[in-house]
1. Collect residues whose amide H, placed 1.01 Å from N in the peptide plane, falls under 5 Å from the amide H of I239; neighbours closer than 5 in sequence don't count.
2. Suppose a student asked you for the relative contact order of the chain, using Cα pairs under 8 Å spaced at least 6 residues apart; what percent would you report?
3. Provide the per-residue ³J(HN,Hα) series for the stretch 420-435, in order, calculated from phi with Karplus coefficients 6.51, -1.76, 1.60 and θ = phi - 60°, each as a whole number of Hz, with x at glycine and proline positions.
4. Can you give me the Cα centroid spacing of the stretch 236-298 and the stretch 133-196 in angstrom?
5. Near K220, which aspartates and glutamates are there with a Cα under 16 Å away, not counting those fewer than 8 places off in the same chain?
6. Post the alpha-carbon centroid distance, the stretch 74-110 to the stretch 318-341, in whole angstrom.
7. Quick check: from the Cα gyration tensor, does the chain come out rounded (a/c under 1.5), prolate or oblate?
8. Calculate for the chain the 222 nm mean residue ellipticity that helices alone would give, adding -39,500 (n - 2.57) per DSSP H run of length 4 or more and normalising by residue count, nearest 500 deg cm²/dmol.
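The values are calculated or read from the model by the stated rules, or taken from the named source; none is laboratory data. As the structure is a prediction and not an experimental result, all values here were calculated from the model. All Cβ positions, even for glycine, are placed from backbone atoms using ideal geometry, and neighbour counts span all protein chains on display. For accessibility, only protein heavy atoms count, side chains too; no ligands or nucleic acids. Shrake-Rupley method; radii C 1.70, N 1.55, O 1.52, S 1.80 Å.
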Amino acid sequence: MYLCLPDKYSKPMLQHLANNDTICALATPAGSGAIALIRLSGPESFSICDDLFKASKKGANVSEAEGYSILFGKIYDENVLLDESLLSVFRSPHSYTGEDSVEISCHGSIYIQQKLIELLVKKGARLAQAGEFTLRAFLNGKFDLSQAEAVADLIASNSSASHQLALDQMRGGFSNKIKSLRKELVDLASLIELELDFSEEDVEFADRTKFLLLLNDIQKEVQTLIDSFALGNVLKHGIPVAIIGKPNAGKSTLLNRILQEEKAIVSEIPGTTRDSIEDTISIEGFAFRFIDTAGLRSTSDKIENLGIERTYEKIKQSKIILYVCDMTLSTPADLQATLEDFKEHLEDKNKRFILVGNKIDELIEMPPFFNQYVDLETIFVSAKRNENINLILESLVQSVKNLDLSDNTIVSNARHLGALQKVSTAIGSIKEGIQQDLPTDLLAIDLRTALFYLGEITGEVTNNELLGNIFGKFCIGK
Ligand SMILES: Nc1nc2c(ncn2[C@@H]2O[C@H](COP(=O)(O)OP(=O)(O)O)[C@@H](O)[C@H]2O)c(=O)[nH]1
Ligand SMILES: [Mg+2]
């Protein structure tokens with residue numbers, strides 16, 4: 001009995017997804033532009049291109065071109081000239097997919113793009129499905145699953161932080177971490193499997209005490225990765241900042257100032273904002289998702305009440321709360337009541353609560369009671385006159401800069417998180433099993449589960465690897 005993955009999940013079985021045909025697709029955004037890029041990958045890439053492309057250089061053709069070379073020439077639909085284009089040639093295995101590939105840079109008219117794709121299909125290429133180039137790259141061993149997923153994250157990244165996160169993952173930072181955890185578990189598993197092989201002889205290769213210590217270490221590392229998701233997720237999708245306060249405090253005005261556009265309706269009528277309005281902007285490389293909410297008050301208006309309910313939900317989901325108050329109306333009692341209402345969030349270490357004293361333009365002097373709350377971070381602004389808004393932005397950025405993002409591997413993918421949680425549960429079961437002195441074969445089941453889910457993250461297969469691991473460490477014949 002060996003630690004095999006169920007076949008349906010193993011990489012060889014995925015091979016059937018990789019048809020051996022030639023695929024093509026538009027790689028640049030749909031629509032017209034200066035240039036469009038059409039990509040071809042598969043064994044017929046070169047011959048298909050030679051069928052419709054005539055290089056300017058005499059005697060040159062795609063089939064004989066060197067890898068990483070560019071050919072200039074004309075594309076014909078039978079005898080009708082379609083475009084003048086550049087063809088970049090990539091020879092297997094030195095291409096993104098690992099296959100023979102060509103990238104056609106044509107003029108970016110929608111007509112040319114469509115016609116050229118039609119032509120490629122006519123000559124034998126098939127329209128690629130979503131992600132199929134990257135799927136091929138994965139199946140051809142160009143990178144593992146989590147790296148392939150990072151390619152999508154990289155394309156979607158909209159801030160320096162999410163870009164860095166995706167880049168680290170694409171370059172294998174996360175994969176290496178998972179691989180090293182897996183290696184440690186495989187080593188343990190090898191010993192356990194040996195015990196199973198020698199089960200009649202009742203030997204214990206794996207010292208249970210050492211085993212437990214190692215499992216503790218691995219579980220700790222897995223937990224660190226799980227914990228990093230909270231941060232990874234906000235870095236990727238933007239740190240949620242809820243703008244809350246009473247009606248007419250100036251929340252929508254503040255949102256508009258921060259976004260530098262008139263996104264939310266501002267009016268002197270209390271209860272104008274009934275639904276929450278969100279937008280993400282990048283400030284100094286970090287994405288923040290600002291949420292303007294319905295003002296908090298008691299009202300009999302049904303719709304406004306739904307909005308208020310939603311406000312409380314948004315507060316829960318936010319990392320940072322900007323509590324906006326109208327300084328011309330706030331009294332010490334109001335402020336006290338507010339702090340009481342939000343006590344739970346004020347005490348939550350994972351949230352930041354910033355009091356924004358708005359409408360300072362209307363004040364002759366600062367109400368002294370605001371300064372009594374020394375523990376509370378307070379920023380005085382005039383949203384209307386765009387005064388001190390930069391102080392809010394600086395403070396927000398500072399809170400992210402204080403986080404140490406450097407050496408730590410940060411999980412930002414929900415699938416990885418799910419798998420890691422299952423790994424942790426499985427390791428917990430093995431530990432329990434050891435403590436209860438359960439037989440080796442039962443421990444092996446949980447070990448396999450843990451390995452399975454780690455493998456699921458990177459898309460690895462364990463059979464051969466594990467066999468190699470067992471025999472690689474022991475002399476045959478011993
Ligand atoms: N004087 C002054 N008025 C403001 C300021 N910010 C907002 N207002 C006004 O306060 C009213 C309510 O603003 P709004 O942004 O809709 O408040 P919300 O209900 O909290 O979203 C509007 O008439 C705004 O022009 C400010 O800094 N100073
Ligand atoms: Mg509003």
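1. Counting only residues 5 or more places away or on other chains, the set is A287, F288, R289.
2. Numbers: 775 pairs, mean separation 72.5, N = 478.
Computed value for the chain: 15 percent relative contact order.
3. Values, residue by residue: 5, 5, 5, 4, 4, 4, 5, 5, x, 5, 4, 4, 4, x, 5, 4 Hz.
4. What the calculation gives is 37 Å, centre to centre.
5. E184, E432
6. 62 Å
7. In terms of gyration-tensor shape, oblate.
8. Calculated mean residue ellipticity at 222 nm is -14500 deg cm²/dmol.
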